[in-house]
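Visitor: My structure is below; once you've seen it, I'll send some questions.
The values are calculated or read from the model by the stated rules, or taken from the named source; none is laboratory data. What you are looking at is a predicted structure, and each value in this text was computed from that prediction instead of being measured. Methodologically, a virtual Cβ is constructed for each residue, glycine included, from the backbone with ideal geometry; neighbour enumeration extends over all protein chains shown.
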Amino acid sequence: MLITNIGELVTNAPRDAVSVASPGPFDAIADAAVVMDAGLVVWTGPASQAPAADELVDAGGRAVLPGFVDSHAHLVFAGERGDEFAARMAGLPYSAGGIRSTVAATRAASDAELRANLAKLGREMLTQGTTTFECKSGYGLTVPDEARSLALAAEVTAEVTYLGAHVVPPEFDDAAAGYVDLVCGDMLAACAQYARWVDVFCERGAFGPDEARAVLRAGESAGLQARVHANQLGPGPGVQVAVEAEAASADHCTFLSDADVDALASSGGTVATLLPAVEFSTRQPYPEARRLLAAGVTVAIASDCNPGSSFTSSMPLCVALAVREMRMTTTEAVWAATAGGAHALRRSDVGHLGVGARADVIMLDAPSHSYLAYRPGVPLIAAVWRDGVQVA
Ligand code: NIG
Ligand code: FE
């Protein structure tokens, strides 16, 4: 299939054309075309040189991009926290305490309810251009509820993350150490089969650095790779723990010391995943993206879609916030939401449209990627292909 007459084709193509090692820097072709076959990108270049194809889509000068890669989302939950949000907008601060109300609702929900909510959010994401997403557990916090959360997540994505260490559940109020043992022991044993990643909320009020290290180590010995919720609510050890564990990503990064920035910059591949919809929804200061970029840190943007701190599934909103509030350029933000997310998930097949990449492609109802920030809040996703098949 050929999409031609593309005003701007964002490719982020790997610089090393021989192997699809990982997405390259932001890259775009004007007046372009892309050919997809058997679910993969097989050709990109100037429209005037496009090869013939069985099927042709005329983009009419519109922009075509890789689908968004949303590398951080909590989609397995029941209930909602609209009142908590309203109270926050009336002046109350965000605290992780609200997580417990979602835990209670999630435990009480049937598999069918959780599956329906997950499907609804997945569909929302897809129609807004997200073709790859990560999904965490973390609202079950018992062995069976974490295991079923992950089994449900695995039905809808390959990027499944075990977050038994989200918060200490109420029944362990006086026995946090016992809960960490459970997370590292029986719960992990029941969960590892469904997950690729292990995550921990390393924050005051959640888990300290030693607990976080224990969780990541246990996860790794069960074959899971590390990612960390780090430095969201205040300065702390999360980023250092993440880098030390060679985590794929340190997420949030809202409060960073110079040492944290240095650690990320000299890490062997720990991405800083910024979640600007959280700061939007919690009225916290935005992460200092420019400081990270100036230091050479790889930056991703993700939604953190969850019912508490960020109830949006919209990567276009995250791009607009990254540009407007974190002073990223439009190319930096779009790269971070596509190729950056792929790096954060250690995926070489998504986040770019180099030859050999998955044909996960979105077309905007706009001539340039910059419209994602220039026209905030406007539904700009005109079409979505996943594995070369049009799905929206
Ligand atoms: O990533 N920080 C911890 N977890 C979520 C918030 C979850 C919630 O408030 O329900 C986050 O922001
Ligand atoms: Fe999160």
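Visitor: Output yes when any residue across segment 320-330 is within 16 Å of ligand 1 (Cβ to nearest atom) and either in contact with a Cys (Cβ under 6 Å, 6 or more places away or on another chain) or not assigned by TED's automatic domain parsing to the domain that holds LEU118 (or both), and no when none is.
Guide: Filtering segment 320-330 down to residues within 16 Å of ligand 1 (Cβ to nearest atom) leaves 321.
Adding the requirement that they be either in contact with a Cys (Cβ under 6 Å, 6 or more places away or on another chain) or not assigned by TED's automatic domain parsing to the domain that holds LEU118 (or both) leaves none.
No, because not a single residue in segment 320-330 is within 16 Å of ligand 1 (Cβ to nearest atom) and either in contact with a Cys (Cβ under 6 Å, 6 or more places away or on another chain) or not assigned by TED's automatic domain parsing to the domain that holds LEU118 (or both).
Visitor: So GLY98 fits all but one of (1) modelled with pLDDT under 95; (2) more than 16 Å from ligand 2 (Cβ to nearest atom); what number is the exception?
Guide: (2)
Visitor: Looking only at segment 209-227, how many residues end up being surrounded by fewer than 24 Cβ atoms within 10 Å (Cβ to Cβ) and part of a helix (DSSP H, G or I)?
Guide: Going residue by residue through segment 209-227, those that are surrounded by fewer than 24 Cβ atoms within 10 Å (Cβ to Cβ) are 209-211, 213-214, 217-218, 220-225.
Then keep just the ones that are part of a helix (DSSP H, G or I); that gives 209-211, 213-214, 217-218, 220-221.
Qualifying residue count for the region: 9.
Visitor: Continuing with this model, one more query. I'd like the residue in segment 138-176 that is outside any loop (DSSP other than H, G, I, E, B) and of a type in the set (Asp, Glu) and, out of all such residues, is farthest from ALA190 (Cα to Cα). Lay out the reasoning, then the answer.
Guide: If we filter segment 138-176 for residues that are outside any loop (DSSP other than H, G, I, E, B), which is where we start, we get 143-156, 159-165, 170-172, 176.
When the remaining residues are screened for being of a type in the set (Asp, Glu), the result is 145-146, 155, 159, 171.
Working: ASP145: 10, GLU146: 8, GLU155: 17, GLU159: 17, GLU171: 20 Å.
The qualifying residue farthest from ALA190 (Cα to Cα) is GLU171.
Visitor: Pairs please, first residue from segment 73-90 and basic (Lys, Arg), second anywhere and part of a loop (DSSP other than H, G, I, E, B), Cβ atoms under 6 Å, 6+ apart in sequence or on different chains.
Guide: Taking only residues 6 or more apart or on different chains, the pairs are ARG81/PRO307; ARG81/GLY308; ARG88/TYR94.
Visitor: When residues of segment 284-313 are filtered for being in a loop (DSSP other than H, G, I, E, B) and either without any contact (Cβ under 8 Å) to a residue 40 or more places away in the chain or surrounded by fewer than 23 Cβ atoms within 10 Å (Cβ to Cβ) (or both), how many remain?
Guide: Number satisfying all stated conditions: 11.
Visitor: Report whether or not ALA300 is of a type in the set (Gly, Ala, Ser), out of contact with any Gly (no Cβ under 6 Å at 6 or more places or on another chain) and more than 12 Å from ligand 1 (Cβ to nearest atom).
Guide: Taking the combined requirement at face value, the residue does not satisfy it.
Visitor: Where residues in segment 267-283 are more than 16 Å from the chain's Cα centre (by Cα) and farther than 13 Å from ALA250 by Cα, which of them is surrounded by the fewest Cβ atoms within 10 Å (Cβ to Cβ)?
Guide: ARG283
Visitor: Among the candidates ALA248, ALA230, ALA242, ALA206, single out the residue that is surrounded by 20 or more Cβ atoms within 10 Å (Cβ to Cβ), modelled with pLDDT of 95 or more, within 16 Å of ligand 2 (Cβ to nearest atom) and more than 17 Å from HIS166 (Cβ to Cβ).
Guide: Only one candidate passes the filter, namely ALA248.
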